[in-house]
Amino acid sequence: MSVSKWTIALASVLTLVSCADSRSVDRPFSIVFIVESDPGLPLKGVNVLVDGKSIGKTDANGSVRAEILAIPGARLQIEQQCPKGHQATEDAKSIRVRKFERLEEAAPRTIQVTLKCKPLQRLAVFIVTARNGPDLPVFIDGNNAGRTNQLGVAQISRWGVPGTEYAVEIDTRADPRLLPRSPVHVFTLPDAHEIFVVNESFQLQERRRSGHRRRARITKIE
Amino acid sequence: MSEPPTLLIPEIDEDRTLVETRNANLDCSLAELSGERGSSWPGADRNASASRGASSVRRKLGLRRCAEGIVVLGLVAGLAFVGYQQWRIAESIRKSMSGFGNTESPPPNHDASPPQERVPRQIEPASDPNSMSQETLEARRDRLESVGAALIRANDFEAALNHYRALAQALPGEAVFRDLVLVLQSKLRCERSLSLTNVGCP
């Protein structure tokens, strides 16, 4: 009885030791970090930190590869230091590394982690097409931004913080016959580069005859 | 399926003759049939009515085979005709498509503006900004800008990107064309990532 008790105790101790041994050993994990400013747009020169230690800067493809020694199941804190004019979309990212191998694969799989560095400013391009409106000044937020060409087309670009409102006005004061008079279009810049199309069709108002007043026709009613 | 059934032919005699038509050599030619009958039925004079019945059955079966053959031939000819027609249609579509490719015509216009208002969206070979001198370019700039605006209005970003890229190269001093290239690239990238990953751009 006592012999079997000892055997069970020894077996359990051995099991625990073997388990603890396998878990406590650091294993290499191959991780590729990809930094994008917009979906599909890689960002170069971003410093990537794992548990506070720099592993390198991203290349022209926006990627940096690292071999990290970690205990399977451990959590790693990932951080990116975005360049000027960019901002990380979230604080530190946390990933848990696990040992995962497939029988048919010789080498362990590379882990891929995508990080974001969002631009602080976005580009707004205004395409103005004014039918019957050649050579008209175009104002953005009250400032003269350009003129329409002989075919009534103008292109104007502005950088702005997402959420900025732009009031685009086609100034018709030079030709009061044009209707509608100085139309204004308002646009809000989203969190992406955007093209805004201002499509205006002007009508030429006929001038009233000034000077001689038309004599009213007198109809005699008897 | 087409095997003729075994027939029982009644006889005047007490015994009955069993004719197995499966082994009979059937042919379309009646003359051959009669000749064959003579050779394969030595006791024909004794059993005349039986042989007459058998020959009529053979004749019928032969005719049926012929009809079947004609139907099969007709089907094959019909299929061949349909195939030929399809090939002709495919060839004409291929020709017209290659014609489109040569003229670089833009995709169908989704613009809601009336036809007379539309600016011609096709980038003519003569209006390619890269192929022009600086003077010609300045002179035709209004027209080129109008074409670019029409491409954007029609949501033809791919063509608009090529157009403004050429304009930005030809007029490097104009920052707005470079900006337009940047925005169009970003929009096209978003469209591609949306189609691949189903994740939209911000």
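Please treat every number below as a calculation from the coordinates, not as lab data. These numbers come from a predicted model, not from an experiment. Backbone-built Cβ (ideal geometry, glycine too); neighbour counts: all protein chains shown.
The listed peptides A:44-53, A:83-92, A:189-198, A:150-159, ordered by packing as a protection proxy, come out as A:150-159, A:189-198, A:44-53, A:83-92 (highest mean of other Cβ atoms within 10 Å first).
Listed by chain and number, the lysines whose alpha-carbon sits under 22 Å from that of residue B:187, ignoring those within fewer than 8 places in the same chain, are A:44, A:116, A:118. Counting charges near residue A:191 (Lys, Arg +1; Asp, Glu -1) among other residues having Cβ under 12 Å from its Cβ returns a value of +1.
The lysines whose alpha-carbon is closer than 20 Å to the alpha-carbon of residue B:95, local same-chain residues fewer than 8 away aside, do not include any residue.
For the residues of B:141-151, the average number of beta carbons from a partner chain within 10 Å of their own beta carbon is 5.
Give me a single rounded figure for A:149-158: the average over its residues of other chain Cβ atoms within 10 Å of their Cβ. Provide the component values of the computation, followed by the final result.
Numbers: counts 6, 5, 9, 5, 11, 3, 11, 2, 8, 2.
The per-residue average across the peptide is 6.
Taking other Cβ atoms within 10 Å as a rough exposure proxy, A:166, B:84 sort from fewest to most as B:84, A:166.
Highest mean packing first, where packing is the average number of other Cβ atoms within 10 Å per residue, the peptides A:33-42, A:177-186 line up as A:33-42, A:177-186. According to the square roots a ≥ b ≥ c of the eigenvalues of the Cα gyration tensor, what is the shape class of segment A:122-204, taking rounded for a/c under 1.5, prolate for a/b larger than b/c otherwise, and oblate for the remainder? The shape class here is prolate.
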